[in-house]
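For reference, the structure discussed in these notes is given below.
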Amino acid sequence: MNKTYPQPPALENFSLLQLSPSKPASKRLPQRGKQSLDKAIVSCPIEIERLGVVKRTNTPYIVYRTPYGRGCTFIARKYLIQSLLSLLGIRDRPREPITGISISDYCLTVQQGENLYTLPDREVFDYLERQNQAAIEALQVKLLPQQILVWNPLNGHINEIKPDGCSCSETSDPQSFCKHQVAAHLYLRNQGWGALGIYFKPDEEVAASSA
């Protein structure tokens with residue numbers, strides 16, 4: 001069933017972006033190379049079944065399903081750490097370096113300084129899937145006061161992110177984050193904002209840092 005997405009009233013504000021249409025995503029898995037959060041680690045939609053680590057080399061890997069079958073891909077440790085930092089950041093957790101990761105059957109334990117955070121594996125899987133999908137679709141972000149627009153150049157859809165969430169219907173769980181929010185969060189990090197939540201409450205962040 002095809003999904004329809006509500007278009008935000010500020011559609012015309014995105015016309016300032018002059019971007020060439022992106023090419024359709026390849027059905028082939030990506031070649032080996034440097035991994036970064038703005039590049040897809042798998043070049044098609046994935047549903048992650050398992051995250052593990054090769055004991056001999058300490059190399060993380062993901063096992064997943066795609067529209068074309070099951071697969072397994074090694075991921076760089078740096079990519080995993082940066083992804084977990086982004087997941088913690090989008091949840092407004094402290095932005096400290098990750099000093100340790102422990103992967104078990106049903107959860108991940110992340111250490112930041114003296115703090116330990118336990119993340120359900122499904123939460124991590126969902127985040128990695130949507131981060132990968134945001135990269136596949138090359139989602140473009142435009143910042144407006146108390147509003148963020150995210151444009152998908154593959155289908156022309158524009159979604160609106162406000163403090164209470166996104167205009168898309170991708171997630172029914174208010175605690176979950178869609179690919180548009182992930183794309184906006186990564187864009188804001190690269191622009192020096194630190195996290196998605198900070199953009200909507202910058203005055204509180206300034207007051208906290210000066211206290």
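The values are calculated or read from the model by the stated rules, or taken from the named source; none is laboratory data. Remember, it's a predicted structure, so these values are computed and weren't measured experimentally. So basically every Cβ, Gly included, is an ideal-geometry build from the backbone, and we count neighbours across all protein chains shown. In case anyone asks, the SASA skips ligands and DNA or RNA and just uses the protein heavy atoms, side chains included. Shrake-Rupley method; radii C 1.70, N 1.55, O 1.52, S 1.80 Å.
Quick notes
- Of 78/162; 34/55; 39/142; 78/142; 39/201, pairs whose Cα-Cα distance is over 25 Å: 78/162; 78/142; 39/201
- Accessible surface computed residue by residue for segment 80-195, with neighbouring protein chains in place and a 1.4 Å probe, gives 45 Å² per residue.
- Basic side chains Lys and Arg get +1 at the Cβ, acidic Asp and Glu get -1 at the Cβ, and with that the dipole of segment 51-130 about its Cα centre reaches some 340 debye.
- Net lengthening on full extension, residue 190/residue 68 (0.36 nm per residue, minus Cα-Cα): 40.6 nm
- Each of 154, 104, 90 was scored by the projection of its Cα onto the charge dipole of segment 89-178, and the greatest displacement toward the positive side belongs to 154; charges sit on the C-beta of Lys, Arg, Asp and Glu.
- Diffusion coefficient of segment 82-135 by Stokes-Einstein, Kirkwood radius over Cα pairs, 10 °C, 1.306 mPa s: 139 µm²/s.
- Rough spin-label spacing in nm, given labels placed 7 Å along Cα→Cβ, for residue 147 and residue 92: 2.3 nm
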